[in-house]
Amino acid sequence: MKVSCLQENLAKGLSIVSHAVAARSTLPVLGNILLATDQSRLRLSATNLEMTITCWIGAKIEEEGSTTIPAKTFNDIVGALPQGQVEMSLNVRTQSLNVRGGSFNNDVKCIDAQEFPIIPQADLTSGIHLNVTDLREMIEHVTFAAATDDARPILTGVLVKIEAGTVTFAATDGYRLAVRTAHLSSPAGEPVTAVIPARALAELGRVAGDQDEAAIMTLPPARAQVIFHLKDVELVSQLIEGAFPDYQHIIPRNYTSRTVMSTDAFRRACKAADIFARENAHTARFKITASGELEPGMVEIDAQAAETGSNEARLDAMVEGGSVEISFNVKYMVDVLNVISTPNVALETTTPSSPGVIRAVGHDDYLYVVMPMRTGK
């Protein structure tokens, strides 16, 4: 293998694939990045066996070939090289890769590419086309609500359902639920249901940041995998097996109080409350006062901490229905308000012991359900 490419392109490609490198593994090759020539481009791949990320960059190919190079060493070398051309040549017999850039000359010991796990190929002809802007937003709107511990592995994933012309993402950790829908540009064939690790989708959202072409999603038959193909990037993830909870029955069908507030003001008030609430399992009291004939409604957010002190914030609001006092995990409120971009947000409640629902006013494609906290009062 003998190739050359621009340092900035190589550095960008490494930043994309490096997140899939295994942090700790009994297989040394999983700590490496695969470098391979591929139709006048250089292909970079990394995997931890649960997720694989591949990126293609432009390169001048003088000799075809492949190898795997230690990820950290290669990242550090490329980061230290000056901008401009980087030349790489492989000694196949010794599996040593010579990396040159400017006045720098490096020889790195590699592992034969044949020891790298086989990467499945995507069948793009049968894939489902997803608008990449919608895909990024859906990932941002739901992944934070997935569980982060493995007590119930199924809850660490995001349920993806595709039926006719609609795609739905849903995530829950048992205490909250985020659901986002979007319309497909062209109807899908057979209905699709899969549970994809939230971490893999978060990585997909990261690498799709500057993409503008449609993403193609494929599910290879009988392989329990999903492949997302972008213009120069491909992500493969194992699916999570098991039955995702039937979340539809926990979504309240009606409410007795609907409170509309400024999203920014509500976000800032919740962040301030969480400074004190985090000492008390993030519990904050929300007192909603109904609007009068001449007075606007009001939301009072109160957080107490034995060691730190207390916080209280008052927000003007438009309250439809009766007054209510309810406690929520205010961190969960901050999480959802951080991803809502509409000027106003609505909080729908029924009783102090019933779930609350957050909706982005003007958009019916997103909802967030949060369970109330028990305060012992």
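Derivation of every value follows stated rules applied to the coordinates shown; laboratory data play no part. The structure presented is a predicted model; accordingly, all values stated were derived computationally and were not measured. Neighbour counts are summed over all protein chains in view; Cβ atoms, including those assigned to glycine, are modelled from backbone coordinates with ideal geometry.
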Exercise. Going through the stretch 58-160, which trypsin sites (Lys or Arg not before Pro) have at most 16 other Cβ atoms within 10 Å and a DSSP loop state?
Worked result: Arg93
Problem set entry | Which listed pairs, of Lys2/Lys109; Lys161/Lys231; Lys12/Lys231; Lys161/Lys331; Lys12/Lys60; Lys60/Lys231, have C-alpha distances above 21 Å, in listed order | Lys161/Lys231; Lys161/Lys331
Problem set entry | Ser353 paired with His19, simple spin-label distance in nm, labels 7 Å along Cα-to-beta-carbon | 4.2 nm
Problem set entry | Per-pair calculated FRET efficiency, R0 = 30 Å: Ser341 and Ser186 via Cβ, rounded to 0.05 | 0.65
Exercise. When the Karplus curve 6.51 cos²θ - 1.76 cosθ + 1.60 is applied with θ = phi - 60°, which whole-Hz ³J(HN,Hα) does each residue of the stretch 338-355 get, with x for Gly and Pro?
Worked result: 5, 10, 8, 9, 6, x, 10, 10, 10, 10, 9, 9, 10, 10, x, 10, 10, x
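Rounded, prolate or oblate: which fits the stretch 82-137 when a ≥ b ≥ c are the square roots of the eigenvalues of the alpha-carbon gyration tensor, with rounded for a/c under 1.5 and prolate only if a/b beats b/c?
oblate
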Problem set entry | Per-peptide average of other Cβ atoms within 10 Å, ordering 125-133, 155-163 highest first | 155-163, 125-133
For this session: Output the peptides 168-178, 332-342 sorted from most to least packed, where packing is the average of other Cβ atoms within 10 Å over each peptide's residues.
Result: 168-178, 332-342
Seminar exercise, completed: Heads up, the stretch 2-115 by the C-alpha gyration tensor (a ≥ b ≥ c square roots of eigenvalues; a/c under 1.5 rounded, else a/b over b/c prolate, else oblate) looks rounded
Seminar exercise, completed: Rg/Rh over Cα atoms for the chain, Kirkwood Rh, comes to 1.07
Problem set entry | In sequence order, calculated HN-Hα J values of the stretch 54-59 (Karplus, 6.51, -1.76, 1.60; Hz; x Gly/Pro) | 10, 9, 10, 10, x, 7
For this session: Enumerate the calculated ³J(HN,Hα) couplings along the stretch 319-336 in order (Karplus 6.51 cos²θ - 1.76 cosθ + 1.60, θ = phi - 60°), each rounded to whole Hz, writing x wherever the residue is Gly or Pro.
Result: 10, 9, x, x, 7, 7, 10, 8, 10, 10, 6, 6, 5, 4, 5, 4, 4, 6
Exercise. What residues have an amide H closer than 5 Å to that of Glu50, excluding those fewer than 5 places away on the same chain, when H is modeled at 1.01 Å from N in the peptide plane?
Worked result: none
For this session: Starting from the Cα of Lys72, draw a straight line to each of the aspartates and glutamates and keep only those under 15 Å, dropping any in the same chain fewer than 8 residues away.
Result: Asp107
For this session: Give me the distance between the Cα centres of the stretch 261-336 and the stretch 1-21, rounded to whole Å.
Result: 47 Å
Exercise. Which residue, Asn75, Asn329, Asn254, tops the fluctuation ranking in a GNM of the chain built on C-alpha contacts under 10 Å?
Worked result: Asn254
